Amino acid sequence: MLRNCLKPLFSLLISLFLWTTVSAQNDSINNISSFTLDRLGNCYAIKNGYEIIKMGPDGKVLNSNSRRDLGTPDLIDATDPLRILVFYRDFAYISIYDNRLSKQNDINLRIMNISSPTLIASANDGGIWVFDMETMQLYKIDINLNQSKINIDLRQLLNKSIRPLRMEVSTNFLCLADDHDSYIFDQYGTYSGTLRGIAAAPLYQLNDNILTTGDSLGISQRDLKLVMSEQKQAGNVSSDIVKMQVAGDKIWQLNKKQQLTRREKNP
């Protein structure tokens, strides 16, 4: 039953990755250090070290913002397509933009006693999740941009120290991934379990309950609500790719030379 339910998703994923080797390159843009996709298929990227650009599913640049006062942004989160989060790790700041990249607000995390934030992600209730490396805690900022009562001491919870490299959030789940494993939480921050051997990878994408991961060794999907749901896929991710995401029939990938490309299925 599980195989039948997920078969359409897996078939689509297989075809998407096969396209990476046979389809023509439709778009490319240089000097990109990081990017992310929203659920509408738009791409947000960091260009030339400080500029934030928004591209539509067709690859055309729609908006940009060239803010420089906080230095180089480290990542963008577009979980909420109407509220874009830009994280400046060195300054411990989160800037909030609308979907046209007009600035709405700034959050100084150090004022909230979060001194060494390394990852952020938008929560489905309008809040923001923040991982702090110094305290090894996962904090929640509420919808009013105040620190909520939710803070999770991962060192105590897991009985070890971890160094997460990726944090992905969906309606039901939050995934933290380091070099070795993935740590799964529900939307309220309750620890659900650990996926052993599922590390942060170039392809690490959470859509609803489905976690898709892929590197040069292969590609797989898991339904986080189901036990023993892993399905291996044909193909892999090129070792030259540092990040890949899929939206519909579009594949966006960033290589080690900081070139972002968008590929799609041939007509």
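When residues in region 201-214 are screened for being surrounded by 19 or more Cβ atoms within 10 Å (Cβ to Cβ) and among the acidic types (Asp, Glu), 0 of them pass. Looking only at residues of region 105-163 that are exposed (fewer than 15 other Cβ atoms within 10 Å of the Cβ) and among the β-branched types (Val, Ile, Thr), we find that the one that is farthest from Arg196 (Cα to Cα) is Ile111. Residue pairs whose Cβ atoms lie under 6 Å apart, sitting 6 or more positions apart in sequence or on different chains, and linking a residue in region 194-207 that is free of Cβ contacts under 8 Å to residues at least 40 places away in the same chain and under 12 Å from Arg222 (Cβ atoms) to a partner that is surrounded by fewer than 21 Cβ atoms within 10 Å (Cβ to Cβ) and not acidic (Asp, Glu), are Tyr204/Arg166; Leu206/Ser170. Looking across region 31-81, the residues that are among the polar types (S, T, N, Q) and either in a strand (DSSP E or B) or under 12 Å from Arg262 (Cα atoms) (or both) come down to Ser33, Ser34, Thr36, Asn42, Asn63, Ser64, Asn65, Thr79.
Counting only residues that are small (Gly, Ala, Ser) and in a strand (DSSP E or B), how many does region 246-255 have?
Within region 246-255, the first condition is being small (Gly, Ala, Ser), and the residues that meet it are 247-248.
Right, trim to in a strand (DSSP E or B) and you get 247.
Of the residues in that region, 1 qualify.
Conditions: (1) over 18 Å from Gly189 (Cα atoms); (2) surrounded by 21 or more Cβ atoms within 10 Å (Cβ to Cβ). Ile96 meets all but one. Number of the miss? With respect to (1) over 18 Å from Gly189 (Cα atoms); (2) surrounded by 21 or more Cβ atoms within 10 Å (Cβ to Cβ), Ile96 is out only on (2).
Residues being of a type in the set (Gly, Ala, Ser) and farther than 24 Å from Pro81 by Cα: count how many of those fall in region 104-162.
So in region 104-162, the residues of a type in the set (Gly, Ala, Ser) come out as 115-116, 121-123, 126-127, 148, 161.
Narrowing further to those that are farther than 24 Å from Pro81 by Cα: 115-116, 161.
Of the residues in region 104-162, 3 are of a type in the set (Gly, Ala, Ser) and farther than 24 Å from Pro81 by Cα.
Number of residues in region 67-88 that are of a type in the set (Ser, Thr, Tyr) and either over 14 Å from Ile46 (Cα atoms) or surrounded by fewer than 16 Cβ atoms within 10 Å (Cβ to Cβ) (or both): the value is 2.
For every residue, the table says whether it meets (1) surrounded by fewer than 18 Cβ atoms within 10 Å (Cβ to Cβ); (2) in a strand (DSSP E or B); (3) out of contact with any Pro (no Cβ under 6 Å at 6 or more places or on another chain).
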{"position": "Ile198", "(1), (2), (3)": "no, no, yes"}
{"position": "Gly235", "(1), (2), (3)": "yes, no, yes"}
{"position": "Ser238", "(1), (2), (3)": "yes, no, yes"}
{"position": "Met244", "(1), (2), (3)": "no, yes, no"}
{"position": "Lys257", "(1), (2), (3)": "yes, no, yes"}
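Filtering region 215-233 down to residues that are crowded, with 16+ Cβ neighbours inside 10 Å and among the aliphatic types (A, V, I, L, M), which residue is farthest from Thr194 (Cα to Cα)? Let's see the steps before the verdict.
Initial filter on region 215-233 (crowded, with 16+ Cβ neighbours inside 10 Å): 215, 219-224, 229, 231, 233.
Restricting the remaining residues to those that are among the aliphatic types (A, V, I, L, M) gives 219, 224.
Numbers: Ile219: 19, Leu224: 11 Å.
Here the answer is Ile219.
What about Thr212, is it in contact with an Asp or Glu (Cβ under 9 Å, 6 or more places away or on another chain), closer than 20 Å to Pro57 by Cβ and hydroxyl-bearing (Ser, Thr, Tyr)? Criteria not met by Thr212.
Any read-out appearing in this document is the output of simple, stated calculations on the displayed coordinates, not a laboratory observation. Predicted, not measured: the structure shown is a model, and the values here were computed from it. Reconstructed Cβ throughout: ideal geometry from the backbone, glycine too, with neighbour counts over all protein chains shown.
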